[in-house]
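Okay, structure first, notes after.
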Amino acid sequence: MSKLPGLLKQRELDSKRLPLVMGILNVTPDSFSDGGLFTSKDAIVTQIESMVAAGVDIIDVGGESTRPGASPVSLEVELERVLPVIDLIKAVSDVAISIDTYKTEVMQESIGRGVDMINDVNALQSVGAIEVVANANIPVCLMHKKGTPLNMQAAPEYQDVVSEVTEFLVSRAQVCERSGVLPQNIILDPGFGFGKTLEHNVALFKDLKNLVLLPYPVLVGVSRKRMIGRLAALSEAEIGVDDRLCGSVSASIVAASKGAKIIRVHDVLETVQALRVAAALW
Ligand code: YH5
């Protein structure tokens, strides 16, 4: 059975039922490197242990960067990166594990290693992905994106971003349910920064209070993203990626107050602290 607590129904920020905090564990060589060529096992163990000590609920393992401009990696490389890390997390803790992938084979192999959740930026649109998740009977996050990481920030256009994203997510949830994914296993995510301008991201964020009215929990991932750097800057410039902690934490608190049930972040300690204080004082 899944280690994820029954995904919460309440709408208000509540000190007894905080949103779950999902900690990001990138295992791409550019994110954890000893000089850029390989990922050190000690560095990963340290990161896992510090997230667990800080109160993380779910660790999200990703082996392919989906940042704007990033190129895809092969199935073999992705498996080589993520499977040992899944084993490593299980060896050092019993925290819930999510795998950030859109590849059906990576989902299947990760489920075989005992992951608790699938996080798919492609909303289970890869061939066979729905069946794999339906059979595994574990939660899945369906995310909206427009385009691919290589081209998605070129010139994203929408007639009405809020209704387009909402309709996409509802329609994917329906397709998944018709193929045997249980409704209680479905989580929705508007996909901040994936084929969206700053204005699109802000419109979607403001509308979270409506998105959470759908019968599925909502996940929000804005940690350190460019929209934080843009909103925090006074001019057309932006705050650099290493200086977006306070902005990211602020956005997480607002997401939680609007009813998001899972917050995906790099900075677990800071986010957990802020959520606890905000919920106690709400
Ligand atoms: C997400 O929103 N995002 S990977 C660019 C950055 C910083 C961070 C510096 N996987 C999401 O985290 N899964 C990613 O600029 C995700 N929701 C879900 N469900 C991109 C990322 C990032 C990109």
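Readers should treat all values here as calculations from the given coordinates under stated rules, not as data from a laboratory. Model, not experiment: these values are computed from the prediction. FYI the Cβ positions are ideal-geometry reconstructions off the backbone, even for glycines, and counts take in every protein chain you see.
The table that follows gives values for the structure above.
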{"read-out": "Percent antiparallel among DSSP beta bridges (both partners in the chain, rounded to 5)", "value": "5 percent"}
{"read-out": "Debye, to nearest 20: dipole size of the stretch 134-207, +1 on Lys, Arg Cβ, -1 on Asp, Glu Cβ", "value": "220 debye"}
{"read-out": "Neighbourhood net charge (12 Å Cβ-Cβ; Lys/Arg +1, Asp/Glu -1) for Ser74", "value": "-3"}
{"read-out": "Per-selection Rg to Rh, the chain - Cα, Kirkwood hydrodynamic radius", "value": "0.93"}
{"read-out": "Rg(Cα)/(2.2 N^0.38 Å) for the stretch 166-218, N = residue count", "value": "1.21"}
{"read-out": "Pairwise centroid distance, computed over Cα atoms, of the stretch 243-275 with the stretch 84-117, Å", "value": "24 Å"}
{"read-out": "Potential extension, Tyr158-Asp42 segment - 0.36 nm per residue separation minus Cα distance", "value": "37.3 nm"}
{"read-out": "Cβ charges +1 (Lys, Arg) and -1 (Asp, Glu), total dipole of the chain, debye", "value": "840 debye"}
{"read-out": "Anchor Lys196: lysines whose Cα lies under 29 Å away (excluding residues fewer than 8 positions away in-chain)", "value": "Lys9, Lys103, Lys145, Lys146, Lys206, Lys209, Lys225, Lys258, Lys261"}
{"read-out": "For the stretch 134-282, size of Cβ-based charge dipole, Lys and Arg +1, Asp and Glu -1, in debye", "value": "300 debye"}
{"read-out": "Helix-only [θ]222 nm of the chain, DSSP H runs n ≥ 4, -39500 (n - 2.57) each, per residue, nearest 500", "value": "-12000 deg cm²/dmol"}
{"read-out": "Cβ-based charge dipole, the chain, positive-most Cα from Ala96, Asn151, Ile187", "value": "Ile187"}
{"read-out": "Kirkwood Rh, angstrom, the stretch 127-282 [1 / mean 1/r, Cα pairs]", "value": "16.6 Å"}
{"read-out": "Helix runs (DSSP H) in the chain reaching 24 Å along axis by Cα, Kyte-Doolittle at least -1.0", "value": "75-92, 161-178"}
